[in-house]
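Enquirer: Here it is, the structure in full.
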Amino acid sequence: MSRRVTVSAPANIAFVKYWGARDLERALPHHPSISMTLEVCRSVTTVELREDLARDEVWLAGAEGRLEAPGEAFAARVRRHLEAIRAWTGRKERFRVATRNTFPAAAGLASSASGFAALACAVSLCHPERTRGIWAGASDAPTAGELSVLARLSGSGSAARSVLGGYVEWPAEPGDEAPAAGLAPAAHWDLRCVIALLETGEKAVSSLEGHRRAPTSPHFARRLELVPGRLATVRQAIRDRDLSSLGPVLERDAIELHAIAMTSEPPIFYWRPGTLEVLAAVRDLRRGGIEAYSTMDAGANVHVICPPEDEPRVATALAAVPGVGGLIRDRVGDGPREEEANLLAGGAGR
Ligand code: PMV
C-alpha cells in the first residue's frame with residue numbers, strides 16, 4: 001500500500017475570469033468562470049503521508065533535485081491548505097511535501113492553480129483506504145468534483161478548475177460548494193496558448209487582494225450583468241469549436257478584469273508597457289489574417305490563444321515584441337496525472 005504519491009497538475013487559462021469573491025475565506029466566486037486546462041505549465045508535487053511528524057514539512061525541489069526550504073509565506077500557505085484538507089476529510093496524518101514547477105518559477109505566471117491542484121490530488125491519492133470523511137462510500141479514486149473542492153480549499157479559486165482536463169466550468173450557485181466540471185475534453189478542440197513573458201518577479205498585489213478589492217470598482221456591478229451572456233457565448237463556441245466567436249469574448253473579459261483592477265480602491269496596475277505592445281501585436285496578427293486572441297491573468301504576461309496552424313507565426317511575432325523576455329508554447333491538456341518521480345528523494349540543500 002503506497003503512502004507516497006507524486007502528481008503533476010497543470011495551470012489553466014480562463015476565458016471568462018474569476019475576479020472578485022463573494023466569500024474570500026472559502027474562495028467562492030460571484031459568478032461562474034470557464035477555462036482551458038494547459039499542458040506544459042505544470043506543478044509536480046510529491047506527498048508522503050507520515051504518522052510520526054508533529055508538523056507538515058514543505059520543500060521546494062530545486063536544481064538537480066536538491067530540496068530547498070521555501071519562503072515562510074509559501075510554506076505557511078501549503079500548511080494551511082493541508083490543514084483545510086484534514087479538516088474536510090476528518091483525518092489527522094501529517095505530510096512531507098516537495099514541489100516544483102515545470103515553468104520558470106519567477107516568471108510571474110500564476111502557479112497557485114497548478115500547485116494547489118497537484119497538492120490536493122496527491123494528498124487524496126495518499127489515502128488508499130479512503131474510508132472516512134469525503135471518501136466514505138467512495139469505491140475507488142475520489143471524484144473530480146471532490147478533488148475540485150479540495151483544491152479550492154487552498155484559497156485559490158482557479159485551482160478548482162485545474163483538477164480537470166480540457167475545457168472546464170466552475171459554477172457559482174449561492175450557498176453551496178459547487179465543484180468545477182468538464183465542458184469538453186482536450187481532444188474535442190486543439191487550441192494553442194503562446195505565453196509572452198514580460199514580468200519575472202512576484203507580482204506586487206496578490207490575486208487574493210485583487211478579489212477583495214474588485215467589488216470596490218464602479219465597473220464591477222456592470223460586469224456581473226454582462227457575465228451570463230458571455231458564459232453562454234463561450235459554452236456555445238467551445239461546443240462548436242468556433243474561435244471567431246470565442247476569441248473576441250475572451251479578449252474582452254481579460255481587459256475587463258484589468259479595468260476593474262485599475263479602478264478598484266486602491267487601484268491595482270498589473271500591466272507593463274510590454275503588455276500593451278503584445279496586445280497591439282496580436283491585433284496586427286489578426287489584421288494579417290491570423291486567428292489570435294490575447295488574455296491575461298492577474299499579471300503582466302499575455303497568453304495568446306490560437307489554432308495549431310497559426311502557432312508558429314504567433315510565436316515568431318510575439319518573440320519580436322520589445323520587452324518580451326521569453327515564450328512558453330502551451331496547449332490544451334488532459335489535466336493532472338500521477339508521475340513516477342519522487343521529489344523527496346533528493347537531499348536537503350540548505
Ligand atoms: O486562483 P486565484 O484565487 O489566485 O485567482 C486567480 C484568478 C485569475 O487567474 C486572475 C483569473 C482566473 O479565473 O483564473
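Enquirer: With a point put 7 Å past each Cα toward its Cβ, work out how far Asp334 is from Asp242 in nm, to one decimal.
Expert: Once both label points are built, they end up 3.0 nm from each other.
Enquirer: What shape does the stretch 185-235 have by the C-alpha gyration tensor, where a ≥ b ≥ c are the square roots of the eigenvalues, rounded means a/c under 1.5, and otherwise prolate means a/b greater than b/c and oblate the rest?
Expert: oblate
Enquirer: How tilted is helix 243-262 with respect to the longest principal axis of the chain? Cα atoms for both, answer in degrees (0 to 90, nearest 10).
Expert: Tilt relative to the chain: about 80 degrees.
Enquirer: For the chain, what does the alpha-carbon gyration tensor say about shape, rounded, prolate or oblate, given a ≥ b ≥ c as the root eigenvalues, a/c under 1.5 as rounded, and a/b over b/c as prolate?
Expert: Working: a/c = 1.65, a/b = 1.46, b/c = 1.13.
Taking the square roots of the gyration eigenvalues as a ≥ b ≥ c, the chain is prolate.
Enquirer: Separation between the Ala63 and Glu202 pseudo-spin-labels, each 7 Å from Cα along Cα→Cβ, expressed in nm?
Expert: 2.1
Enquirer: Another question about this same structure. Apply the a/c threshold of 1.5 to the C-alpha gyration tensor of the stretch 3-116 and tell me whether it is rounded, prolate or oblate. Walk me through the numbers before you get to the answer.
Expert: On the way: a/c = 2.02, a/b = 1.26, b/c = 1.60.
It is oblate, given that a/c is not under 1.5 and a/b is not larger than b/c.
Enquirer: Any idea how far apart Asp52 and Asn342 come out in nm if each label point goes 7 Å out from Cα toward Cβ?
Expert: It works out to 1.5 nm between the two label points.
Enquirer: Next question, about the same structure. Among residues other than Leu285 whose Cβ falls under 10 Å from its Cβ, what is the net charge (Lys/Arg +1, Asp/Glu -1)?
Expert: +1
Enquirer: Kindly write out, for the stretch 207-223 in residue order, the coupling ³J(HN,Hα) from the Karplus curve 6.51 cos²θ - 1.76 cosθ + 1.60 (θ = phi - 60°), rounded to whole Hz, with x marking Gly and Pro.
Expert: 5, 4, 5, x, 4, 5, 7, 3, x, 7, 6, x, 8, 5, 4, 5, 4
Enquirer: On a 0 to 90 degree scale, rounded to 10, what angle separates helix 72-89 from the longest Cα axis of the chain?
Expert: So the helix axis and the longest Cα principal axis differ by about 70 degrees.
Enquirer: To test your reading of the geometry: what angle, between 0 and 90 degrees and rounded to tens, separates the Cα axis of helix 112-125 from the longest principal axis of the chain?
Expert: 30
Enquirer: Would you mind pulling out the separation of the Cα centroids of the stretch 228-306 and the stretch 50-92, in Å?
Expert: That distance is 35 Å.
Enquirer: Then there is this: Kindly list the residues of the stretch 43-75 that lie in the label zone of Thr216, defined by a backbone N under 14 Å from the point 7 Å along the Cα-to-C-beta vector.
Expert: none
Computed from the coordinates by the stated procedures, all read-outs in this text should not be read as laboratory data. From a predicted model like this one, the values you see are computed outputs, not experimental measurements. Note: ideal-geometry Cβ built from the backbone for every residue, glycine included; neighbour counts use all protein chains shown.
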